[in-house]
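Down below is the structure, laid out as structure tokens.
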2 protein chains.
Amino acid sequence: MDAGEHELIARIRKAVGGPAGATLVGIGDDAAVYEPAGDLELLTCDAFVEDVHFRRSFAPLRAIGAKFIVSNVSDVAAMGGFPARAVVSLGVPEDMSAADVDELYAGMLDAAARYGVEIVGGDVVASPGGLLASVAMIGTVGRERVVTRAGAVVGDAILATGRFGASEAGLRALSHGLEEAGLVRAATRRHLEPVARIAEAQAFLDVATPHAMIDVSDGLASEVRHLADESGVGMRVRKDRIPVAPEAVEIGRLLGVDPLELALGSGEEFELLVTIPASEAERTIEHVCAVTGSDVTCIGEVVERSEGCIMVGPGGDAEPLPRVGYEHLAAPRG
Amino acid sequence: MDAGEHELIARIRKAVGGPAGATLVGIGDDAAVYEPAGDLELLTCDAFVEDVHFRRSFAPLRAIGAKFIVSNVSDVAAMGGFPARAVVSLGVPEDMSAADVDELYAGMLDAAARYGVEIVGGDVVASPGGLLASVAMIGTVGRERVVTRAGAVVGDAILATGRFGASEAGLRALSHGLEEAGLVRAATRRHLEPVARIAEAQAFLDVATPHAMIDVSDGLASEVRHLADESGVGMRVRKDRIPVAPEAVEIGRLLGVDPLELALGSGEEFELLVTIPASEAERTIEHVCAVTGSDVTCIGEVVERSEGCIMVGPGGDAEPLPRVGYEHLAAPRG
């Protein structure tokens, strides 16, 4: 690192700019000060560790920075809210320059601007290992629009935005050094430049009664299980309805991997899983697609807890929903 | 690590307990949900990296966890506010067990209870290096009670709570393996179990017109410079008025280090520096001492920016305020 803590903070402060709108005090004091807005507030945080969550050899610093923000925005979206403010803790390794930190912040600020987030403070420390970050984000949500993971009801339809597997496919394309052409390029973009589904969550809330919602950060199968566990229900997923991304099909073909496995296990998709009354499914899919341009698919239904989380084939054959996806600590991704 | 991510989160959730009071959704969802309270809100975060901020060989995990919380509470105190909620990002190294994480959380929860903080969420990830943490904290503050670093006025008295140098003295006692007796034990306690000055900050606000306030996390000299830089003023510190902790005197004697150097450079003291109109100094010192039991000392006065930050001896001899204290990145502590 070619700059001291104070110089680095001065650079970040200049890049971020002064406090705006309802923020009275931004970067550079002991804490940010702002007027709370909205019925209720949301608070979430995500940690990112080099070589666990990202590799600097695969991803440009701008993309890494943007993902720090998008990941939190996605959590806010999945509660039914809008993101507002963030603070950023950075652990900077010896081999990063001040210009590298500028790039990382440029990515964070791009994403922040895209989602209406103001970066209002943070901490910068030395890291003896790789690059570290933790972003905490405040959001706002209307009292009648909070959607937790815990409200799924037996009989609900399970809807999903988007198509699955492209992020994992992109990661594998990058790690295998596949030539960046056609769908491979699309997949690496999906991995490097994910999108958070704020508009989609709001569209669900405008037209339906979402009972439970979650964003897909650790993989589709894993998040279906989360919804089931938190709601105390079972989930029946229709194998032939899982929307597999064309990028996953193509890279699965190139690498000899089952695209469905990619779709079920792909992390950082940031798509939404929503359960709503089955009677609302058809018009909801129509409305959300029309308003947002996103695909929305009914992938199955909520069942009794005793049924567990199962995947049913077109012939009616049932198997346990595969335990794939990203779990930290004891069970690293193979 | 002998537990997976989900098991660890389940343990943490059990230790923390369900949401309370104005918190509607706590740990276990995409984000915490709560009713904002108070005129204005505060948001701050602090990052902690093993072997940079703490050593597991010196400090019990409970003390490490407590300091994660106290450090943020101290930032909230220094803005004039009260702490309310926190989210915790943890990077857990391979050599820590689930029981170790329980201990760390026990320390965080002890400190959180002491200061009225509710832990409402977080993230747990694997760390390929040492233990990592970042805590983000929400606080509340009355609109008329916000004190920034930027308001110091020429002529103000500079007041400090407490006595300085004990935390650094304690760290050195631990790293030199000094026998834990008498003042050495007191110093290591000051290092391992620091206190945030919420009551003192409020007492200043009750009786005086604080123009600027900061907590001493990087060292007294360094924070005096911060106040000066942010306020666009100079600071004249009286060498013979700097309240040196008896622990610093004793450990300075044992290790052959100037206690004043310890006092000026000691990080994580979490005492407050406040500038107030000189006319209010006497009664303020009296009031804050009486109400809180803390020492309060006038250590100097705010001067014109052109004078810079200086330290004046009892004979009137002036020298630049030493550039000691903790700065991350380019200038590690010697």
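Quick note: the coordinates plus some simple rules give every number you see, no bench work behind them. Quick caveat: nothing in here was measured; it's all calculated off a predicted structure. FYI the Cβ positions are ideal-geometry reconstructions off the backbone, even for glycines, and counts take in every protein chain you see.
Which whole number gives the average, over all residues in A:253-259, of C-beta atoms from other chains lying within 10 Å of the residue C-beta?
Other-chain Cβ atoms within 10 Å of each residue's Cβ, averaged: 0.
Compute, for the protein assembly as shown, the length of the dipole vector about the Cα centre, with Cβ point charges of +1 (Lys, Arg) and -1 (Asp, Glu) only. Units Debye, rounded to 20.
For this selection, approximately 80 debye.
Using amide H atoms built 1.01 Å from N in the peptide plane, name the residues 5+ places from B:ILE119, or on other chains, whose amide H lies under 5 Å from its own.
Under 5 Å from the amide H of B:ILE119 lie the amide H atoms of B:ALA86, each far enough along the sequence or on another chain.
Considering every residue in A:83-95, what mean count of other chain Cβ atoms within 10 Å of its Cβ is obtained?
Per residue, the number of nearby Cβ atoms from other chains is 3 on average.
Provide B:LYS14, A:LYS239, A:LYS67 in ascending order of the number of other Cβ atoms located within 10 Å of each residue's Cβ, fewest first.
Going from least to most buried by this count: B:LYS14, A:LYS239, A:LYS67.
Label-to-label distances across copies for A:ARG305, with labels 7 Å out along Cα→Cβ, in nm, shortest first?
Ordered by distance, the counterparts are at 6.5 nm.
Would you calculate the volume per residue, in Å³, of the smallest convex hull containing every Cα atom of chain A?
138
Got the B:GLU282 label distances to the other copies yet, label 7 Å along Cα→Cβ, in nm, shortest first?
B:GLU282 label point versus its equivalents elsewhere: 8.6 nm.
Pairs of alpha-carbon atoms within less than 8 angstrom and 6+ residues apart define the contacts here; what relative contact order does chain B have, in percent?
Rounded, it is 21 percent for chain B.
Collect residues whose amide H, placed 1.01 Å from N in the peptide plane, falls under 5 Å from the amide H of B:GLY267; neighbours closer than 5 in sequence don't count.
Amide H neighbours of B:GLY267, under 5 Å, 5+ apart: B:GLU168.
Quick one: which of B:277-284, A:39-46, A:72-79 comes out on top by average Cβ neighbours within 10 Å, and what's the full order, highest first?
So the order, starting with the most tightly packed, is A:72-79, A:39-46, B:277-284.
Rounding to the nearest 20 debye, state how big the charge dipole of the stretch A:196-317 is about its Cα centre with +1 on each Lys and Arg Cβ and -1 on each Asp and Glu Cβ.
Approximately 220 debye in magnitude.
Give me the net charge for the shell around B:LEU61: Cβ to Cβ below 14 angstrom, other residues only, Lys and Arg +1, Asp and Glu -1.
Summing Lys and Arg as +1 and Asp and Glu as -1 gives -3.
Under a Cβ-only charge scheme (Lys and Arg +1, Asp and Glu -1), can you give me the dipole magnitude of the stretch A:5-144 about the Cα centre, in debye to the nearest 20?
360
Taking the label point 7 Å from Cα in the Cβ direction, how far apart in nm is A:ASP317 from each other copy of itself, listed shortest first?
Spelled out, the distances from A:ASP317's label point are 9.1 nm.
So what's the back-of-envelope 222 nm ellipticity for the protein assembly as shown, counting only DSSP H runs of four-plus at -39500 (n - 2.57) apiece and dividing by all residues, rounded to 500?
Using -39500 (n - 2.57) per qualifying helix, the result is -11000 deg cm²/dmol.
Quick one: B:GLU180, B:GLU5, A:GLU144, fewest Cβ neighbours within 10 Å first, how do they rank?
A:GLU144, B:GLU180, B:GLU5
Arrange the following residues from fewest to most other Cβ atoms within 10 Å of their Cβ: A:LEU90, A:LEU205.
Fewest to most other Cβ atoms nearby, the residues stand as A:LEU205, A:LEU90.
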